[in-house]
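The values are calculated or read from the model by the stated rules, or taken from the named source; none is laboratory data. From a predicted model like this one, the values you see are computed outputs, not experimental measurements. So basically every Cβ, Gly included, is an ideal-geometry build from the backbone, and we count neighbours across all protein chains shown. When the accessible area is computed, the model is the full protein with side chains, heavy atoms only, and any ligands, DNA or RNA have been set aside. Shrake-Rupley method; radii C 1.70, N 1.55, O 1.52, S 1.80 Å.
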Amino acid sequence: MSVLERPDSVGSPSDTPAAAPPQPAAAAPRRRSWGLRAQVNGLVGLLTLLFVAWLLVLKLNNLRDSVKEEVVAANRVATQLLNRTAWLYAAQGTPGMLAFLNGVGRIRSNDVTLSDAQGHVLYTSPPSPYKPGRDAPDWFERYIAPEPLMQAYEFPDGRLEVTANASRAALDAWDELLRFTGVALALLVALNALVFWLVGRAVRPFGRIVRALEQLESGRFDARLPPLRGTEAAAIGSAFNRMVAQLRTHIDTEKRAVLAERRLGDSRELARWLDDHIEQERRTIARELHDEFGQSVTAIRSLALAVARRVPDEESRQAAQLIADESLRLYDAMHGLIPRLAPLVLDSMGLSAALQDLVERTRRAHPGLQLSLVLPAEMPALATEAALALYRAAQEGLTNALRHGAAQRIEIRLWVEAGALQLRLRDDGRGLPAQWQQRPGHHGLRWLDERVSAQGGRLSVQPAAPQGVELQVWLPLQPPDDSQAAPSAARPNQDDEETP
């Protein structure tokens with residue numbers, strides 16, 4: 001009676017299959033950054049390697065199933081053969097069974113062993129002549145071979161054992177796996193070489209782009225890219241050329257702006273230099289008129305009056321009196337011209353006195369005008385240029401209000417607030433025309449704005465409520481130079497409104 005046994009004495013494979021063939025360790029990451037070509041080729045190589053590894057796993061499983069099917073089938077065939085014929089020779093005893101086995105020889109994928117009743121081995125099947133001297137690696141054979149199968153037949157004077165042997169099938173599977181791995185690796189190398197060449201050809205235009213960017217970084221703004229192959233490279237090249245063109249345009253515009261700003265600064269400096277020299281010439285002319293010409297006119301009038309008193313002839317007396325009257329009118333006109341040229345009272349008595357003198361002369365020239373002046377209780381020390389700028393602002397505001405606005409009421413106020421000196425002139429005239437700043441002219445206000453800006457201040461001209469114009473000047477208080485300090489008024493105007 002035959003039974004299917006799995007004896008413990010026969011080596012059984014491990015419950016867990018052996019691991020897959022070890023893969024080469026990944027290369028240590030480089031410290032330097034990889035190029036695009038190397039990155040793409042490395043990615044494609046990694047994906048291809050993973051695909052090949054997956055194919056190897058599938059191939060191993062397929063080979064394992066094939067070996068198992070072959071070994072089990074061969075064991076079953078051998079079992080059926082021996083089961084039918086062994087009993088025929090078993091009646092002849094052990095010698096008959098031994099003769100039968102010697103005649104059968106090697107049974108594929110099986111080892112046959114005959115033992116006597118005492119357990120002595122009488123026969124062992126010869127080794128397989130197929131691929132002698134070679135065996136698959138142990139780990140591979142343990143992984144791919146099925147669990148050993150053993151059939152035992154008990155005879156009255158002996159025991160026959162048939163055990164499955166998968167060594168030759170495992171060797172065939174190992175050789176097939178080696179061939180498959182070689183072909184796969186060759187295809188992997190060929191594929192990576194092809195990808196490396198194709199990627200190198202595809203990214204070749206990017207090298208030109210990088211060199212052009214390096215030229216641009218070094219200051220060569222005439223760098224241009226030729227037409228590049230590839231949709232993306234052509235788009236990048238066109239965008240780069242447009243960017244360089246725009247950059248050159250912006251640089252040229254910036255150069256022109258810097259040149260214009262430099263010329264404007266030179267023009268402003270020249271304008272300030274001319275303005276300073278004009279003021280100096282005005283002061284010189286005003287002093288000459290006041291000192292030399294004024295004394296001469298006074299002397300002429302005195303001589304004419306003396307002649308008129310002493311000559312007996314009436315006609316000569318009238319002529320001398322006419323000379324004296326004309327000298328007086330010339331003297332008055334000269335004194336009216338001197339403040340317009342240069343406010344000498346500003347240099348001698350300060351801003352408060354100069355503004356009071358300006359207001360008094362304006363009142364005398366316009367009898368119906370309501371003009372008020374409010375001054376601070378204590379005038380701070382001012383540099384000559386700052387005091388002159390405030391005086392010219394008041395003078396320009398009065399002139400515009402009377403000449404262009406036909407004002408009947410004008411208020412002038414000067415006060416100190418938050419470390420600055422502020423002047424405000426408000427009138428009730430016709431006001432400002434629409435878009436007056438875009439119209440030609442207004443040279444006086446523009447000249448005044450330049451003068452105030454040169455002192456670090458601000459000038460604003462805007463409509464006043466309910467009508468008229470409000471001119472306001474803001475000047476920061478700065479310590480004046482000793483040589484340029486304008487004297488302050490000893491007292492505020494007592495004839496005007498109360499001082500704030």
Whole-Å distance, taken between Cα centres, linking the range 342-360 and the range 97-150: 135 Å
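How large a share of the accessible area of the range 370-421, in percent, is made up of carbon and sulfur atoms when the probe is 1.4 Å and the other protein chains stay in place? Intermediate values should be presented prior to the final figure.
On the way: 910 of 1950 Å².
The computed percentage sits at 47.
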Per residue accessible area of the range 145-202, 1.4 Å probe, in Å²: 47 Å²
Whether the range 94-204 is rounded, prolate or oblate, judged on the alpha carbon gyration tensor where a/c under 1.5 counts as rounded: prolate
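Net charge near LEU448: determine it from the other residues with C-beta under 12 Å of the C-beta of LEU448, scoring Lys and Arg +1 and Asp and Glu -1.
Here the count lands on 0.
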Sparse-neighbourhood loop sites, chymotrypsin sites (Phe, Trp or Tyr not before Pro) in the range 100-200 - DSSP loop, at most 15 other Cβ within 10 angstrom: TYR130
Prolate/oblate/rounded label for the range 344-436 (Cα gyration tensor, a/c 1.5): prolate
Anchor LYS68: lysines whose Cα lies under 25 Å away (excluding residues fewer than 8 positions away in-chain): LYS59, LYS131
Amide H contacts of LEU122 (H built 1.01 Å from N, under 5 Å, at least 5 apart or other chain): LEU114, SER115, ASP116
Carbon/sulfur fraction of accessible area - the range 163-282, other protein chains in place, 1.4 Å, %: 61 percent
Among beta bridges that DSSP assigns inside the range 310-430, antiparallel share in %, nearest 5: 60 percent
Net charge of neighbours whose Cβ lies under 14 Å from the Cβ of ARG64, counting Lys and Arg as +1 and Asp and Glu as -1: -4
Value of Rg/Rh across the range 227-381 [Cα atoms, Kirkwood radius]: 1.47
